[in-house]
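See below for the structure under consideration.
The values are calculated or read from the model by the stated rules, or taken from the named source; none is laboratory data. Note that the coordinates shown come from a computational prediction; the quantities given were computed from them, not determined experimentally. Here the Cβ positions follow ideal geometry from the backbone for every residue, glycine too, while neighbour counts run over all protein chains shown.
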Amino acid sequence: MYAKLTPLEQVSALFAEYVSGDDFFSDRRFKKLSWTPDRYVWELKTDDVRIFGWAPKKDAFICCFGDAKDRIVIENSYGRYIAQTVYVRDHIELNEPKCLTGGSYKDVISNKN
């Protein structure tokens with residue numbers, strides 16, 4: 001999808017698509033990360049980059065960390081990024097609840113259609 005773009009351009013395009021209300025239900029650009037117990041961390045994805053964060057309310061996403069897909073896979077660091085994201089969320093001054101606890105796309109993003 002983003003193969004001809006640099007990683008920075010990929011992230012910029014992804015954010016523009018998210019903000020515009022593009023349909024994220026039918027592809028893999030936005031994914032809830034499975035972890036036990038559930039940490040309600042979501043991932044925005046491009047071909048080369050992974051961005052970790054959470055949804056404080058519907059149609060909002062707080063980005064916390066990002067890294068190269070290849071580095072995350074080689075270092076097996078999904079768990080570390082989930083833990084770091086939860087740590088930041090727990091220590092940032094936000095009104096409660098700090099994140100949505102729904103597990104489906106419909107809980108955190110609207111479909112523009």
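Details
- Residues satisfying the stated conditions in the stretch 76-93, i.e. over 13 Å from the mean Cα position of the chain (by Cα), surrounded by 12 or more Cβ atoms within 10 Å (Cβ to Cβ) and within 14 Å of GLY53 (Cα to Cα): ARG80, ALA83, GLN84, VAL88, ARG89
- For first residues located in the stretch 50-71 and touching a residue at least 40 places away in the same chain (Cβ under 8 Å), partners that are small (Gly, Ala, Ser) and assigned to a loop (DSSP other than H, G, I, E, B) and lie 6+ apart or on another chain with Cβ distances below 8 Å form the pairs LYS58/SER110; ASP59/GLY21; ASP59/SER110; PHE61/ALA55.
- Meets criteria (of a type in the set (Phe, Trp, Tyr) and touching a helix residue (DSSP H, G or I) at 6+ places or on another chain (Cβ under 6 Å)) for TRP42: no
- Being among the charged types (D, E, K, R) and within 12 Å of the chain's Cα centre (by Cα) holds for only one residue in LYS69, LYS4, LYS45, and it is LYS45.
- Per the conditions (1) among the charged types (D, E, K, R); (2) closer than 15 Å to TYR105 by Cα; (3) free of Cβ contacts under 8 Å to residues at least 40 places away in the same chain; (4) in a loop (DSSP other than H, G, I, E, B), the sole criterion not satisfied by LYS4 is (2).
- The stretch 72-86, residues that are touching a helix residue (DSSP H, G or I) at 6+ places or on another chain (Cβ under 9 Å), in contact (Cβ under 8 Å) with a residue 12 or more places away in the chain and of a type in the set (Ser, Thr, Tyr): TYR78, TYR81
- Sole exception among (1) in contact with a Cys (Cβ under 6 Å, 6 or more places away or on another chain); (2) aliphatic (A, V, I, L, M); (3) closer than 12 Å to VAL108 by Cα for VAL41, by number: (1)
- Total residues in the stretch 94-105, condition of a type in the set (D, E, K, R) and either touching a residue at least 60 places away in the same chain (Cβ under 8 Å) or surrounded by 13 or more Cβ atoms within 10 Å (Cβ to Cβ) (or both): 1
- Among all positions in the stretch 10-32, there is no residue which is surrounded by fewer than 13 Cβ atoms within 10 Å (Cβ to Cβ), aliphatic (A, V, I, L, M), part of a loop (DSSP other than H, G, I, E, B) and free of Cβ contacts under 8 Å to residues at least 40 places away in the same chain.
Residue-by-condition table, conditions (1) at pLDDT below 95; (2) among the acidic types (Asp, Glu); (3) under 17 Å from ARG80 (Cα atoms):
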| position | (1), (2), (3) |
| --- | --- |
| TYR2 | yes, no, no |
| THR6 | no, no, no |
| GLU9 | no, yes, no |
| SER12 | no, no, no |
| VAL19 | yes, no, no |
| ASP22 | yes, yes, no |
| ASP27 | yes, yes, no |
| LYS32 | yes, no, yes |
| ASP38 | yes, yes, yes |
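- The residues of the stretch 80-113 that are polar (S, T, N, Q) and either part of a helix (DSSP H, G or I) or over 13 Å from LEU33 (Cα atoms) (or both), listed by number, are GLN84, THR85, ASN95, SER110, ASN111, ASN113.
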